[in-house]
Every structure is written in C-alpha cells, then in structure tokens.
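The values are calculated or read from the model by the stated rules, or taken from the named source; none is laboratory data. Given the structure is predicted, the values throughout are model-derived calculations rather than measurements. With ideal geometry, Cβ positions are generated from the backbone for all residues, glycine too; neighbour counts draw on all protein chains shown.
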Amino acid sequence: MLPVLVLAFWAAPAEIEQLKVADGHVLVWRTHALQSGTSSGVERAYIMVHGTNRNAEDYYRWALASTAAAGKLESTVVIAPHFKARTASGRGDEVELGEWFWTNDAWKAGESALNGNAFSFDVMDRILECLNNPARFPALKEVVVAGHSAGGQYVQRYAATNKAEPQMRVPVRYVVANPSSYVYMNELRMRQGGTCTERGDCNGTFTKYWDSGNCTTYDDYRYGLEKLTGYAAQVPATQIREQFVRRKVTYLVGELDTRTDDPNLDKSCPANAQGAYRRERGTIFWNYMKGQFGAAHEFGIAPGCGHSAVCVFAGPAGVKAVFGTK
C-alpha cells in the first residue's frame, strides 16, 4: 500500500512548463515557475530525476510526498524534468514540436539528443541557471539534485562532470539513490570476492580489475573516465576527479535492493566489476570514494526498501538526505 502522503498528492494537479534549452525545450513538472515571476518564499530547490521508465509525473508526486513529510512544502520548489526517449526508427515517447529526445541509454549519461545538439546534462545546467536568478528566487539557500535508479546514474555522473555548480550563488547537493552503476574516478575496483559494509570497512583492497583482460571496457565512460563522450568529454578527466571529490554527495541504497535477477539491473561486465547488485555496488563505491580519495561523501541505507523510489525518498532516509531532517 502507498503511504498516506503519497496518496494525498497523487491527485494534485501537475504544473508543467516548457523549459527552453538551447534552441529546443524539455517539459518539467514544477511547483513554481522557473522562467518567469518571483517566488520569494522558496528557500530550497528539490530536483528529482526519474528512472528508466521516464515516468516524470510519478517522480514529481513522490518528491512532493517527501517534501510534505519534511514539512517543507511552502519553502520548497519541487522540479521533475522529463527526458523523453525514442529509437532511431522513431519508436518511443510522444514528443512536441521542438522537444528534445534521446535514446533511453543516452539521457542517463549526458549524451547528445537524437534530434539535435543538446546534451541531457544541459537540461540540468539550464534548471540551475533558472534557480540561480536572484530576481526569481531571492531567498534560495540551497539546491538538491536527486535521482533514483537510472535517475541515480544521471545524478552521479552529473555531479562528477558538471560545469554549472561553480557558477551557483548557493550550495548544491546531490542525492544518488540505487543506481545500477557508477562512474569511477580511476581504474581501481574491489578485488575478486571482496566487498564493503555500511560501517565503512572492506574485506578486500581496491586494485586493477581482476578480469580486465576479458572486460576491456570496464573503465570506459559511463563506468570510468576513459574514452569520455558527450557532455563529459568537455571536461578533462583530471578536473572531473578533482571536482567530484569536493562535491556534496549522499548515496542512498535500499536495504532490500539485493536482487541479481532484476531485469533492469545492469549486468554488463563493466557493471559487474562494481559489485553483484545495487546495494553492494553503492556500498562499495562510497567506501572507494572515502578510502581512495578522502571524499566526505555521505551514505545511508533506506530500511525496508527494495528498488522503490517512493519508499526511499518518502521514507526517513530520503527525507533526511534531502532536507537534513528525519
């Protein structure tokens, strides 16, 4: 059964805006206009990126439920961009005239749109640009960029590669929940048979991937910093590494997100080099960033949650990660 808060916001009217990005646009669900007017009472922006099913409206409502659970509806602008996806043959989501669309792999990694020269990470840059306008959001104090599953992949890679954060007048934090894979900062991976815990300890060391001879792409982008493509290729790997370590990132994993037979789990050899399932991959990666780079990134486990965005973000772990409250 869905939590009461989720049910309460399920029937709330959706506010949709055409967000101009380069010479096209994307659709975003939002509680306050991004490109016009003034929202004087907004102190926090909560941007939620959907998963591989691209159900942005559902994620918008789940983010609203999370915001209500924190008691922050009046002071928060909730935003959920919609990354439309189609195939080269034209199958997929319905799109408006001038609306950007990607393949369902490309949008997760900051690659170019199928119908023009717009990277999916340009969309987040544009949202941040709107929020950075003091005439529209004069009381803004922080921005939180969050995503679950494929959205978690998007947010982690965006956190590592984006050029927009240094231009922001307020702090930006990133909440990465239950992605199938991460972009690693160097060629090291946990040794064969090793793993890590949420207490911050590992029973193995990080070394060059033991099966690198058979899995030659294990360190290529989207899994590492070799052969960067799309938006990420605009930023040197050394800069990506240096800025990601300094950025404010929280990793969330579902306590029960341990299935290896999930059809949406990335089972490619580069992903398997990071662990067997999502909870393990997230736990290992947090320990990797902490141990190898001294990153002050945070980590949390969502109790009782499997691979569920609403459970993670409307529950105590998600509310704490986004709002700093239980």
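Observations on the structure shown:
- When V172, V183, V176 are checked against the criterion of being closer than 28 Å to T207 by Cβ, out of contact with any Cys (no Cβ under 6 Å at 6 or more places or on another chain), touching a residue at least 60 places away in the same chain (Cβ under 8 Å) and not hydroxyl-bearing (S, T, Y), a single residue qualifies: V176.
- Taking the criterion of being without any contact (Cβ under 8 Å) to a residue 60 or more places away in the chain and hydrophobic (A, V, I, L, M, F, W, C), the residues of the range 199-227 that qualify are W210, C215, L225.
- Candidate set: the range 63-78, residues that are out of contact with any strand residue (DSSP E or B) (no Cβ under 7 Å at 6 or more places or on another chain) and either in a loop (DSSP other than H, G, I, E, B) or of a type outside the set (A, V, I, L, M) (or both); chosen: the one farthest from S149 (Cα to Cα): E74
- Scanning the range 15-31 turns up at least one residue that is modelled with pLDDT under 95 and farther than 27 Å from Q156 by Cβ.
- Considered as a group, the residues in the range 72-91 that are of a type in the set (G, A, S) and modelled with pLDDT of 95 or more include one that is surrounded by the most Cβ atoms within 10 Å (Cβ to Cβ), and that residue is A80.
- If you go through the range 43-62 and pick out every residue that is more than 26 Å from S181 (Cα to Cα) and assigned to a helix (DSSP H, G or I), you end up with 0.
- Residue match in the range 262-274 (condition: surrounded by fewer than 19 Cβ atoms within 10 Å (Cβ to Cβ), polar (S, T, N, Q) and part of a loop (DSSP other than H, G, I, E, B)): yes
Let's see how each residue does on (1) surrounded by 15 or more Cβ atoms within 10 Å (Cβ to Cβ); (2) farther than 16 Å from W286 by Cα; (3) within 19 Å of the chain's Cα centre (by Cα):
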site	(1), (2), (3)
G200	no, no, no
Y209	yes, yes, no
T217	yes, yes, no
V249	yes, no, yes
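- Number of the exception - W107 against (1) outside any strand (DSSP E or B); (2) touching a helix residue (DSSP H, G or I) at 6+ places or on another chain (Cβ under 7 Å); (3) within 27 Å of R136 (Cα to Cα): (3)
- Hits in the range 284-318 - residues which are part of a helix (DSSP H, G or I) and more than 21 Å from R241 (Cβ to Cβ): A309, V310, C311, V312, F313, A314, P316, A317, G318
- The requirement of being free of Cβ contacts under 8 Å to residues at least 24 places away in the same chain, under 23 Å from V183 (Cβ atoms) and buried (at least 20 other Cβ atoms within 10 Å of the Cβ) is not satisfied by W107.
Each row is one residue, and each column tells you yes or no for (1) acidic (D, E); (2) under 19 Å from G152 (Cβ atoms); (3) at pLDDT below 95; (4) buried (at least 21 other Cβ atoms within 10 Å of the Cβ).
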| residue | (1), (2), (3), (4) |
| --- | --- |
| T229 | no, no, no, no |
| A232 | no, yes, no, yes |
| G254 | no, yes, no, yes |
| R259 | no, yes, no, no |
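- Output for the range 40-67, where each listed residue is of a type in the set (G, A, S) and over 25 Å from K320 (Cβ atoms): S40
- The strands (runs of 3 or more DSSP E) found wholly in the range 137-235 and carrying at least 1 residues that are among the acidic types (D, E) and over 14 Å from P270 (Cα atoms) occupy 142-148.
- Any chance G324 is at pLDDT 95 or above, on the phi > 0 side of the Ramachandran plot and either buried (at least 20 other Cβ atoms within 10 Å of the Cβ) or not basic (K, R) (or both): no
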